[in-house]
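Engineer: Here it is: the structure, laid out below.
Nothing in this text is a laboratory measurement; each read-out follows from the coordinates by a stated rule. Being a predicted model, the structure only gives us computed values, none of them experimental. So basically every Cβ, Gly included, is an ideal-geometry build from the backbone, and we count neighbours across all protein chains shown.
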Amino acid sequence: MVSSDEALMIAYRRGEAKAFDELLLRYRTPLFSTLRRLVGDRALAEDLFQETFLRVIQHAGRYDAGRKFSGWVFRIARNLAVDALRQRGVRREEELDDEHHDPAGGPDRALARAEQGEAISRALELLPLEQREVFLMREWAGLSFKEIAEVTESPLNTVLGRMHLAVKKLRASLAEHAEA
Amino acid sequence: MDKEPSPACRKFRRERLLLYAYGELPAGEAEVIRLHLAGCASCRAEVEAIAAVRAAASAPGLQENPPSALEARLRIAAREALSARPGLRERIPGWLRQPRFWYAAVAAAVVVMVAGLGYRSWESHRARPEDFTSDGLAALVEEVDSWDSPPLAFLELEPATPLFEEVEQEPEVISPGDEAAAEPWYWPTPESGLDKIERGLEELDASVRYL
């Protein structure tokens, strides 16, 4: 019988270490991938991933069993990512500027050369943070739009509006790649 | 690519179509959208575009895992946190773990128990106002009157011989003007139940006044 994330978290709180292992296994890919695309830096994503789960361990006693674990863990991760990006704000903009002035021909040319997966990966990094996080949490983390609204503390319509814009831009990037 | 939506289907754009494409609409609303899509090329193209982006985003190799060493460190941290968690004994406040607290608690319990028993005893023996109503008094008289016989019957004792009996006097010659002397002479007999109660009430009254 497959236990829910919430049941696993409660089991860990009771002292079952294996329940934590199962949670880590379930969330390692969606959470790490989301963080990786959110911050655009693998080393920083690793730090944030570790910090997220350390906070899960540290605050296990305060976990509200009536709340979805996915929403809770993504909220922790998202807040950490936003703080980290805020601290690195200037550098991040500089990095993006460098990318935009790619001597090889700019992002459009780079997208044309890349495979489709690579294209959408690149297009994702070019999305504004608000649109990117909504897309990643919905697409990779599997959170519903309502849950994303809770995690980001935004109205549902705002979340849907951001998703709509993200899909529109990604679709345009894919179309450009296909034409190239 | 982006066909202009007709005014009739404008309400389905954005929010509704996204929720439909991700399967987050209630069944009834989803059915309405499905019927609409059958006749609306613009909305159908929108839903197909969302599906295409979803397919591209789920391409293999796009998602990544954290390093194994990082996961191992987290597993160790999770176990260390569990073993470092205070046990039940440590979670009890220090003052509760002091023997002096438990001695005091036991002493207090004994005092409360003794006081409770004393109160119950006093409560069962004290005179109540209803004892002095006519019915209560009659019941009391009856009870007190019955004190002599049942214990005696139980003990199979002979009824007590009166200490003082009527003494038959020698007929006296009553002189004229001395008729009082002709009254039969009785020695005091044991108190009746009513007498005892009356005496008890008098004593109680005296006690109350004294207090």
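Engineer: Quick one: if the Förster radius is 30 Å, what FRET efficiency do B:Ile76 and A:Arg62 give, using the C-beta to C-beta distance and rounding to 0.05?
Structural biologist: 0.85
Engineer: Follow-up question, since we're still on this one. Which order results if B:Met113, A:Met137, A:Met9 are arranged by neighbouring Cβ count within 10 Å, fewest first?
Structural biologist: Exposure proxy ranking, most exposed first: B:Met113, A:Met9, A:Met137.
Engineer: On to the next question. At 0.36 nm per residue, and after removing the present C-alpha to C-alpha distance, how many nm does the segment from B:Glu48 to B:Leu96 gain when stretched out fully?
Structural biologist: Separation in residues times 0.36 nm, less the Cα-Cα distance, equals 10.5 nm.
Engineer: Here is a further query. Which whole number gives the average count of other chain Cβ atoms within 10 Å of the Cβ atoms across peptide B:14-23?
Structural biologist: Numbers: counts 8, 8, 1, 3, 8, 6, 0, 2, 5, 1.
That works out to 4 on average.
Engineer: Return the average number of partner chain Cβ atoms within 10 angstrom of each residue Cβ along peptide A:157-170.
Structural biologist: 4
Engineer: Starting from the 7 Å offset along Cα-to-Cβ, what nm value, one decimal, do you get for the label separation of B:Ala105 and A:Glu118?
Structural biologist: Result: 7.2 nm between the two label points.
Engineer: Next question, about the same structure. Output wanted: per-residue J couplings in Hz (rounded whole) for the range A:67-83, from phi through Karplus 6.51 cos²θ - 1.76 cosθ + 1.60, θ = phi - 60°, x for Gly and Pro.
Structural biologist: Once θ is set to phi - 60°, the couplings for the range A:67-83 become 9, 5, 5, 4, x, 5, 5, 6, 5, 4, 5, 5, 4, 5, 5, 4, 4 Hz.
Engineer: For an R0 of 30 angstrom, estimate the FRET efficiency from the Cβ-Cβ distance between A:Val2 and B:Ala59 and round to the nearest 0.05.
Structural biologist: Approximately 0.65, to the nearest 0.05.
Engineer: A further question on this structure: Between A:Leu156 and B:Ala41, how high is the FRET efficiency from 1/(1 + (r/R0)^6) when r is the Cβ-Cβ distance and R₀ = 25 Å? Nearest 0.05. Can you show the working numbers first?
Structural biologist: Details: r = 28 Å, r/R0 = 1.12.
Between A:Leu156 and B:Ala41 the formula returns 0.35.
Engineer: Looking only at other chains, what is the average number of their beta-carbon atoms within 10 angstrom of each beta-carbon in B:75-83?
Structural biologist: Mean shielding count: 6.
Engineer: How much length is gained if the chain between B:Glu203 and B:Val32 is pulled fully straight, taking 0.36 nm per residue apart and subtracting their Cα-Cα distance, in nm to one decimal? Could the numbers behind the result be given before it?
Structural biologist: On the way: separation 171, 0.36 × 171 = 61.56 nm, distance 9.71 nm.
Contour length minus the Cα-Cα distance gives 51.8 nm.
Engineer: Kindly provide log₁₀ I(q)/I(0) values, in the same order as q = 0.17, 0.19, 0.28, 0.30 Å⁻¹, from the Debye equation applied to equal alpha-carbon scatterers of the range B:7-57.
Structural biologist: Cα-only, vacuum Debye calculation for the range B:7-57: -0.46, -0.57, -1.16, -1.27.
Engineer: Rank the residues A:Ile76, A:Ile10 as a footprinting-exposure proxy: fewest other Cβ atoms within 10 Å of their Cβ go first. Mind dumping the intermediate values first?
Structural biologist: On the way: A:Ile76 20, A:Ile10 17.
Ascending Cβ contact count within 10 Å gives the list A:Ile10, A:Ile76.
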